[in-house]
Amino acid sequence: MRWDKIRLRVTAALAAGLLAPVAAASTSTAAEPAAEPATQAAAALPPGSPAAVNGQLKVCGLQLCNSAGKPIQLRGMSTHGIQWYSQCVKTASLDALAGDWKADVLRISMYIQEGGYETNPRKFTDMVHGYIEEATKRGMYALVDWHQLTPGDPNANLSRAKTFFTEIAQRHKDKTNIIYDIANEPNNVSWDRVRSYAEQMIPVIRAQDSDGVVLVGTHGWGSLGISDGRNETDIINNPVRATNFMYTFHFYAASHKTEYFNALSRAASKIPLFVTEFGTQTASGDGGNDFTNSQKYLDFLASKKISWTNWNFSDDDRSGAVFKPGTCAGGSFTGTGPLKPAGVWIRDRIRTADNFPTS
């Protein structure tokens, strides 16, 4: 997300130990379902769960469809960066997300820079393996987010991405609940460069997993180019040459008003879309919530059956994190008591009756 650029300005604070409690917690394996993924048996989808009912997803026309070819809409949450907030992704919180919130999908946000994957590829790959198994055990789809942000050109991490996704796809290719998000928020880079990256990465995944849905981040921090002074025509006139994939769109309702909404509306009639990240606040992930504009977006997404995941499932002190500070150190995640206003609001939207078909 764009507010993560703010994280670059707190690197010195991290080094000075000002964020030490978070850093220490995020390196503790005791709270991580991913602690020993190599020894975990493959999880099975619970009967009647969203991923069990819908099976292997596929892109049919402009829609995300289930194994029976019926258009569906997934709704769920994105983790915060797992290098900082792994303590928020544990048995009790995931049980709440699947059972109390009734989420269909967990987006696993693995940063590449900023203390993420590049610092210890083995550790972070194993964490993702573990989170995939945890989502699977609860019948949720596991959306694997290659969270590149800075540098904004995803080609800068191309070699790393090939290594990571080859292993992820090879190990989980027989699962029917995996979605691959290959570039979080390309920025300050041309659409041609993003398209080139996608056309190199999709075959890497296909070589291991022939039918997994792939998501391609759009330029302008996932804004269809709007935040980079461009628009969706870059993509429509020069689409990725591949099949069974979707483009992603991100919005923050208090910042992204008419111009962004109109671009989404226009693009939705031309290309398949998945909103892999949004917030009810400003693009900083903080500040006041604009629930009115958020509802406008969600009503549109529902009308088009465009899937979404909200940012973020943590107890960060910003208003965009759903849990109150300190929640993740405990074991209580159900109901509205542990939630900030944005958490109460988004939980309610996820809990409304699912519209996925039963056949």
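The values are calculated or read from the model by the stated rules, or taken from the named source; none is laboratory data. Bear in mind the structure is a predicted one, so any value in this text is a computation, not a measurement. A quick note on method: Cβ atoms are made from the backbone with ideal geometry, for glycine too, and the neighbour counts reach across all protein chains shown. All accessible areas refer to the heavy atoms of the entire protein, side chains included, with ligands and DNA or RNA removed. Shrake-Rupley method; radii C 1.70, N 1.55, O 1.52, S 1.80 Å.
Just a few scattered comments:
- For region 50-351, the dipole from Cβ point charges (+1 on Lys and Arg, -1 on Asp and Glu) about the Cα centre works out to 700 debye, to the nearest 20.
- Charge dipole (the chain, unit charges on Cβ, about Cα centre) - positive-most of SER227, ALA51, ASN262: ASN262
- With DNA, RNA and ligands ignored, accessible area of TRP146 (1.4 Å probe; Å², nearest 10): 0 Å²
- Where Rh is the Kirkwood radius over Cα pairs, Rg/Rh for region 180-249: 0.96
- Too-long pairs where the Cα-Cα distance tops 26 Å, listed order kept, from LYS102/LYS296; LYS173/LYS304; LYS257/LYS305; LYS123/LYS173; LYS162/LYS305; LYS162/LYS257: LYS173/LYS304; LYS162/LYS305; LYS162/LYS257
- Heavy atoms of SER196 accessible to a 1.4 Å probe, total area in Å² rounded to 10: 50 Å²
- Rolling a 1.4 Å probe across the protein heavy atoms gives region 50-351 an accessible surface of 30 Å² per residue.
- Entry note: region 50-351 has Rg to Rh equal to 0.93, where both radii use alpha-carbon atoms and Rh is the Kirkwood radius.
- Dipole-positive endmost among GLY81, THR136, CYS328 within the chain (Cβ charges, Cα centre): THR136
- Surface composition of the chain: carbon plus sulfur atoms contribute 52% of the solvent-accessible area (1.4 Å probe, protein chains only, all chains present).
- Local electrostatic count at ILE236 - Lys and Arg +1, Asp and Glu -1, tallied over other residues with Cβ under 15 Å: +2
- Summary value for region 50-351: 20 percent relative contact order, contacts being C-alpha pairs under 8 angstrom separated by 6+ residues.
- Most mobile of VAL275, VAL53, VAL214 in a GNM of the chain (Cα contacts under 10 Å): VAL53
- Taking trypsin sites (Lys or Arg not before Pro) across region 179-256, the ones in a DSSP loop with at most 14 further Cβ atoms lying within 10 angstrom of their Cβ are ARG241.
- Counting every C-alpha pair in region 231-359, the share spaced more than 26 angstrom apart comes to 29%.
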